[in-house]
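Here the structure comes first, spelled out in structure tokens, and everything after it is commentary.
The values are calculated or read from the model by the stated rules, or taken from the named source; none is laboratory data. Note that the structure is a prediction, hence the values are computed from the model and not measured. FYI the Cβ positions are ideal-geometry reconstructions off the backbone, even for glycines, and counts take in every protein chain you see.
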Amino acid sequence: MLRGLTRAGLGEVSDDKRFIELAAEKGFQAVEIDALGWIETYGLEGARELLNSNGMAMGAFDLGVDWRSSEEDFLGSIGLLEARAKAAALLGGDSCCTYILPSTDHSPAVLAIHAACRLRTCADIIGAYGIRLSLEFVGPHHWRTAFQHPFIHTLEDTLAFIAAIDRPNVGLLLDSYHWHTNGLTTLDIERLSASQIVYVHINDAKPMAVEQLLDNDRLYPGEGVIDLSGFLRSLRKIGYTGVVAQEVLMQNGEGVQPTLEASLHRSKTGFDKVFLALDAV
């Protein structure tokens, strides 16, 4: 498995080159980037060199398509998807992601039908460039009542939704926080096959009842109560070898924010802790 980073929880990242260099120094192997923007800024060869010279792979990119609301909004947001997928493929990217909120103000049945059709269209567009789409179910309980009607939030329902989309390049984004807040166990992971999982997020939780945990109040890996070594051990057991990317959504704090260097050091410490425990078994 590749140690990866999103930019969530790292503070301001104003210099891509410095970010990549620091991430490599800390032992990370994949980062999430805007491939199209990078190619426009550095040129194709320059963007490739920035990744390759630091031994860095490209992580998942956000689907960036509004598939949750009206047909007009969907069609208006899909225009750049092909260009973004092509750019990602040129930099070695092979996955993108989107999340499913567990409640909605729309009719759940209508939304499910429209969403399956729209995400099938997206999967076909990115699939032409060898890109897989990962769907992330959202576990925190406060989201389940944020809107009028309940919607998909369990692993089982997400797998059924993926089956309804019916495209071979669509699978799961498994996030340790959502796994934890859904009350899932390592056995639930071990019932999956590696081919069903496109991408993985890792983060930790405070020692609170899962019903009270907020989506934007996460901890760095190794700082909380989630059995992350068990989580990773089960992924390894089923043969998952892809990216495990830190995603630490946090509430906006006051006062002095940590530097990128300090945040990456904290990330490395957490990864080392959970991977060391994984390898000790």
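Summary of computed values
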read-out: Test: residue in the stretch 11-19 that is under 22 Å from Tyr129 (Cβ atoms), in a loop (DSSP other than H, G, I, E, B) and free of Cβ contacts under 8 Å to residues at least 40 places away in the same chain; value: no
read-out: Candidate set from the stretch 1-10 (those that are within 13 Å of the chain's Cα centre (by Cα) and not in a strand (DSSP E or B)); member that is surrounded by the most Cβ atoms within 10 Å (Cβ to Cβ); value: Thr6
read-out: Considering residues of the stretch 42-65 that are under 20 Å from the mean Cα position of the chain (by Cα) and in contact (Cβ under 8 Å) with a residue 40 or more places away in the chain only, the residue surrounded by the most Cβ atoms within 10 Å (Cβ to Cβ); value: Ala60
read-out: Hits in the stretch 95-120 (condition: in a strand (DSSP E or B), touching a residue at least 40 places away in the same chain (Cβ under 8 Å) and among the hydrophobic types (A, V, I, L, M, F, W, C)); value: Cys97, Ile100
read-out: The one condition in (1) outside any helix (DSSP H, G or I); (2) farther than 29 Å from Gly270 by Cβ; (3) hydrophobic (A, V, I, L, M, F, W, C) that Leu75 fails to fulfil; value: (1)
read-out: Residue within the stretch 119-131 that is within 17 Å of the chain's Cα centre (by Cα), closer than 22 Å to Gly4 by Cβ and aromatic (Phe, Trp, Tyr) present; value: no
read-out: Which listed residue is closer than 19 Å to Val198 by Cα, in a helix (DSSP H, G or I), of a type outside the set (Ser, Thr, Tyr) and in contact with a helix residue (DSSP H, G or I) (Cβ under 7 Å, 6 or more places away or on another chain), from Ala89, Ala85, Ala23, Ala47; value: Ala85
read-out: Boolean, Ser263 is over 25 Å from Glu12 (Cα atoms), in a helix (DSSP H, G or I) and modelled with pLDDT of 90 or more; value: no
read-out: Boolean, Ile39 is more than 15 Å from the chain's Cα centre (by Cα), under 21 Å from Val200 (Cα atoms) and not hydroxyl-bearing (Ser, Thr, Tyr); value: no
read-out: Residue list for the stretch 237-260, filter: modelled with pLDDT of 95 or more, surrounded by fewer than 17 Cβ atoms within 10 Å (Cβ to Cβ) and of a type outside the set (Val, Ile, Thr); value: Lys237, Gly239
read-out: Exclusive hit being closer than 25 Å to Gln148 by Cα, of a type in the set (D, E, K, R) and surrounded by 17 or more Cβ atoms within 10 Å (Cβ to Cβ), set Arg68, Arg84; value: Arg68
read-out: Some residue of the stretch 199-221 being without any contact (Cβ under 8 Å) to a residue 12 or more places away in the chain and either of a type in the set (A, V, I, L, M, F, W, C) or touching a Phe, Trp or Tyr at 6+ places or on another chain (Cβ under 7 Å) (or both); value: yes
read-out: Residue in the stretch 58-73 that is small (Gly, Ala, Ser), farther than 21 Å from Leu174 by Cβ and touching a Phe, Trp or Tyr at 6+ places or on another chain (Cβ under 6 Å) present; value: no
read-out: Selection count, the stretch 24-42, where residues are in contact with a Leu (Cβ under 6 Å, 6 or more places away or on another chain) and among the small types (Gly, Ala, Ser); value: 2
read-out: Helices (runs of 4 or more DSSP H) enclosed by the stretch 121-210 - at least 1 residues per element that are exposed (fewer than 15 other Cβ atoms within 10 Å of the Cβ); value: 155-165, 186-190
